[in-house]
Amino acid sequence: MYPKNSKRLRYEPMTLDKFDLYLKLHRNPNITRYMGMVQEMTDEQYLERLKSRIEYAQNNPGLGIFATFELDTDNYIGGANINQLDETDEIQIGYVIDEVYWGKGYATEMAKHLIDYGFIEINLDNLCAVCDQDHVVSARVLEKAGMKYLENRHHYGADLKYFQISRKLYESKN
């Protein structure tokens, strides 16, 4: 199970044959400047990271990392994920988008679609997300998607903004 198409985007499970797309995205410092430790990773470390994310998806049906493509062009625009938040039992959403596609509303579309998927398809009770404290755009995306900022928390070796949406809040808005 994985997210079906949203209005303008197609999602499919990330596979090793898409490693070149994944690596190109994660090698761009404009894209990764708010992603902490990933800026310092080698290609081999990226490959191992992708393998572990694929294995996680295989062991946790419905969760994982998804390659994301424009429906109209079939161009790879980035990745979406719904997985376990670092050192917790919470399930988080996340996204990364090639800078060519910034400013088109794709991040908000991905976040909203992942939230719908988490509550409707996977039947979760809560979802969360984290972003760098200085990443104003990502924080705004999460708020536009319906998530509420709660506090700063330490995850992935950094103090990050922590957002959450409960099923109750989600249902009250939909």
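Looking only at the stretch 33-55, count how many residues are free of Cβ contacts under 8 Å to residues at least 24 places away in the same chain, in a helix (DSSP H, G or I) and not small (Gly, Ala, Ser). Let's see the steps before the verdict.
Filtering the stretch 33-55 down to residues free of Cβ contacts under 8 Å to residues at least 24 places away in the same chain leaves 33, 38-45, 48-49, 52, 55.
From what's left, in a helix (DSSP H, G or I): 38-40, 43-45, 48-49, 52, 55.
Next, from what is left, pick out any that are not small (Gly, Ala, Ser): 38-40, 43-45, 48-49, 55.
Residues in the stretch 33-55 being free of Cβ contacts under 8 Å to residues at least 24 places away in the same chain, in a helix (DSSP H, G or I) and not small (Gly, Ala, Ser): 9 in total.
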Here the qualifying pairs (Cβ atoms under 6 Å; residues six or more apart or on different chains; first in the stretch 138-163 and touching a residue at least 60 places away in the same chain (Cβ under 8 Å); second part of a strand (DSSP E or B) and surrounded by 14 or more Cβ atoms within 10 Å (Cβ to Cβ)) come out as Ser138/Cys131; His155/Val130
Quick one: in the stretch 58-84, which of the residues that are in contact with a helix residue (DSSP H, G or I) (Cβ under 8 Å, 6 or more places away or on another chain) and on the phi > 0 side of the Ramachandran plot is surrounded by the fewest Cβ atoms within 10 Å (Cβ to Cβ)? Gly62
All but one of (1) touching a helix residue (DSSP H, G or I) at 6+ places or on another chain (Cβ under 8 Å); (2) at pLDDT below 95; (3) not hydroxyl-bearing (Ser, Thr, Tyr) hold for Ile97, so report the exception by its number. (2)
Of Glu55, Glu87, which residue is out of contact with any helix residue (DSSP H, G or I) (no Cβ under 8 Å at 6 or more places or on another chain) and at pLDDT 95 or above? Glu55
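For the condition surrounded by fewer than 16 Cβ atoms within 10 Å (Cβ to Cβ) and not acidic (Asp, Glu), what is the one hit in Ile120, Ile97, Ile115? Talk me through it step by step, then tell me what you get.
Values: Ile97 fails: surrounded by fewer than 16 Cβ atoms within 10 Å (Cβ to Cβ); Ile115 fails: surrounded by fewer than 16 Cβ atoms within 10 Å (Cβ to Cβ).
One residue alone meets the criteria, Ile120.
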Return the residue satisfying two criteria in turn: it lies in the stretch 121-139 and is of a type in the set (Val, Ile, Thr) and outside any strand (DSSP E or B), and of such residues it is nearest to the chain's Cα centre (by Cα). Val137
Residue check for Lys24: of a type in the set (D, E, K, R), surrounded by fewer than 17 Cβ atoms within 10 Å (Cβ to Cβ), modelled with pLDDT under 95 and assigned to a helix (DSSP H, G or I): yes
Where the second residue is surrounded by fewer than 16 Cβ atoms within 10 Å (Cβ to Cβ) and at pLDDT 95 or above and the first is more than 15 Å from Cys131 (Cα to Cα) and lies in the stretch 73-95, which pairs have Cβ atoms under 6 Å and are six or more apart or on separate chains? Ile77/Glu70
May I ask you to list the residues in the stretch 130-174 that are under 18 Å from Ala111 (Cα atoms), surrounded by fewer than 15 Cβ atoms within 10 Å (Cβ to Cβ) and of a type in the set (Asp, Glu)? Glu143, Glu171
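The values are calculated or read from the model by the stated rules, or taken from the named source; none is laboratory data. Because the structure is predicted, anything quoted here is derived from the model rather than measured. All Cβ positions, even for glycine, are placed from backbone atoms using ideal geometry, and neighbour counts span all protein chains on display.
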